[in-house]
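Coordinate-derived values only; no laboratory data. Note that the structure is a prediction, hence the values are computed from the model and not measured. Ideal geometry is used to build each Cβ from the backbone, glycine not excepted, and the neighbour counts take in all protein chains shown.
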Amino acid sequence: MRTESNGSGRLTRRRVLKAGAAALGGGTAVLAAAPALDAQAAQAPAVLTGTQVGRTFRGLVRHGTALDVQQMRLLPIDPRQVVIRSTAVAPCYTIVRGALGTNPVRRAEVPNHCGFGVVEAVGAMVKRVQVGDRVVVAGTSQCGQCYQCLHGRPDYCQFTFFSNAAGVEPFPPFAQFPDGTPVYAQAGIGGMSEVMTAFEEYCVPVFTDVPAAQLTLLGDQLASGFAAGHADMHFQPGSDVVVFGAGPVGLGAVQAGRVMGAGQVIVIDPIRYRRDFARKLGATTTLDPVAEGDGIVERVRELCKGPNDRRFAGGVGYGRAGNAVMARGADFVVEAAGLQAFPPKVEPQPDPTNVKTVQQAWDCTRMGGHVMLMGFTLQPVSFPGTSLALLGRTIHPGQQGGLHVMRDIPRYVKLIEKGVIDASSVITKKYTLDESRQAVQDTADRTIITGVIEFS
Ligand SMILES: [Zn+2]
Ligand SMILES: [Zn+2]
């Protein structure tokens with residue numbers, strides 16, 4: 001509350017009384033609203049929840065060695081869970097190894113770790129969302145109460161990154177097949193079924209008319225890539241930005257470069273149609289890492305060297321001392337290539353393990369610059385120790401690009417509404433639920449940028 005004071009800086013008795021009366025007035029308004037709140041509570045979420053148990057629905061399920069659309073029945077939800085009718089989902093490349101692999105899986109599971117839909121029922125303790133809300137179900141939770149959230153790092157919210165006892169499933173099954181086999185949702189979210197039951201910590205209500213197909217990209221790929229440019233690592237106006245990988249995540253970072261006013265955005269991807277896409281979305285230069293070969297780092301340094309090498313006139317000097325590359329390089333580098341899970345149907349990556357790409361990303365960052373590692377690499381990556389210690393490059397973790405889902409997703413919705421973020425052209429193919437396996441296959445084949453499954 002703002003404190004009133006008279007001209008001499010002292011509170012007058014009359015003003016205190018006036019302020020008190022205003023506060024009472026406010027109190028009366030709250031009391032008057034109480035019956036309405038009661039009426040809301042009388043909608044009895046538990047009763048609504050009860051009507052959902054046993055509800056049958058369909059979804060894409062990985063079970064045994066199969067990945068196909070199955071019928072299932074909803075199980076009771078936790079008091080903090082939300083029943084969501086899915087309207088659109090975009091499979092993430094991260095899931096293709098598990099979804100299409102040839103080894104049998106230990107439990108039946110609906111793939112993916114984000115989605116979008118409409119709330120149809122809420123557990124008795126849910127506060128964040130209400131029945132009827134449109135919600136992004138994000139890949140990371142933001143509980144607001146754990147150590148990480150309280151220390152400003154909800155991108156590492158412990159509701160997502162908890163450790164659980166051996167043999168204990170982190171999330172209960174949310175459905176079962178007609179024969180009683182339990183069905184789980186990947187990461188407690190899934191997304192590729194007609195119904196999701198996410199914990200409220202993952203749900204971000206959005207109040208907008210933007211189509212579901214675009215909003216579902218804010219649960220992961222597009223939002224993570226865009227966050228790379230401002231959520232943790234902050235692209236500066238006029239800066240040199242490099243993005244490795246022009247997939248759904250990398251193109252989000254390219255858009256962040258454009259929106260944050262980067263001086264140049266250099267995009268590196270072996271796939272020709274993706275390089276074309278990158279230029280449409282804001283890339284100023286695109287490079288083919290196959291054509292560039294081992295010279296790719298030097299090429300980037302060349303592009304970032306500036307108009308002169310007069311170091312006392314703000315130019316960027318250049319020199320070498322052992323492994324130390326002085327001065328030249330990009331201000332911000334985003335590695336969003338990731339490992340190649342399956343050989344694609346388009347141009348393959350020069351290094352399917354992604355180890356070399358991570359090293360190149362780090363290497364083409366200038367001294368004191370910033371690099372974010374978003375792509376997965378399953379093998380150890382080594383860096384020259386002296387340079388790692390001395391060159392002052394800050395490595396940022398790529399977990400959702402540092403996205404704080406409750407803070408950032410509503411912001412991105414506004415930017416989509418204003419046409420600042422393009423969430424439409426990156427959707428290059430749409431599917432029905434019956435075609436959802438093909439959506440996962442096309443994602444693995446890299447013949448699409450982002451495929452969206454729309455539920456009828
Ligand atoms: Zn993902
Ligand atoms: Zn948390």
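Points worth noting:
- Chain lengthening between Thr285 and Arg310 when straightened (0.36 nm per residue, less Cα-Cα): 6.5 nm
- The range 355-442 shape via C-alpha gyration tensor axes, a/c threshold 1.5: oblate
- Those trypsin sites (Lys or Arg not before Pro) in the range 87-137 that DSSP places in a loop and that have at most 15 other beta carbons within 10 Å: Arg106, Arg107, Lys127
- Centre-to-centre separation between the Cα atoms of the range 185-232 and those of the range 233-249: 22 Å.
- Calculated FRET efficiency for the pair Tyr273/Gln71, C-beta based, R₀ 45 Å, to 0.05: 0.75
- Charge dipole (the range 306-456, unit charges on Cβ, about Cα centre) - positive-most of Ala330, Ser456, Ile421: Ala330
- Inter-probe distance in nm under a simple model that places probes 7 Å from Cα toward Cβ, at Val355 and Val381: 1.3 nm
- 5 angstrom amide H check on Thr450, placed H, neighbours 5+ away: Thr428, Lys429
- Shape analysis of the range 310-456 places it in the prolate category; the axes a ≥ b ≥ c from the Cα gyration tensor give an a/c of at least 1.5, with a/b above b/c.
- You can think of it this way: the chain between Glu169 and Ser424 has 88.1 nm of extra reach, that is 0.36 nm per residue less the Cα-Cα gap.
- R0 of 41 Å, Cβ-Cβ distance Thr181-Leu388: FRET efficiency to nearest 0.05: 0.25
- Using the Karplus relation 6.51 cos²θ - 1.76 cosθ + 1.60 with θ = phi - 60°, the per-residue 3J(HN,Hα) values for the range 265-274 come to 10, 9, 10, 10, 7, x, 8, 4, 5, 6 Hz, with x marking Gly and Pro.
- Computed label-point distance, nm, for sites Val118 and Arg55 using a 7 Å Cα→Cβ extension: 1.1 nm
- Oblate is the label for the range 109-198. Its Cα gyration tensor axes, ordered a ≥ b ≥ c, give a/c of at least 1.5 and b/c at or above a/b.
- Ordering 242-254, 401-413 by mean Cβ neighbour count within 10 Å, with the highest value first, yields 242-254, 401-413.
- DSSP bridge orientation in the range 97-254 - percent antiparallel, rounded to nearest 5: 70 percent
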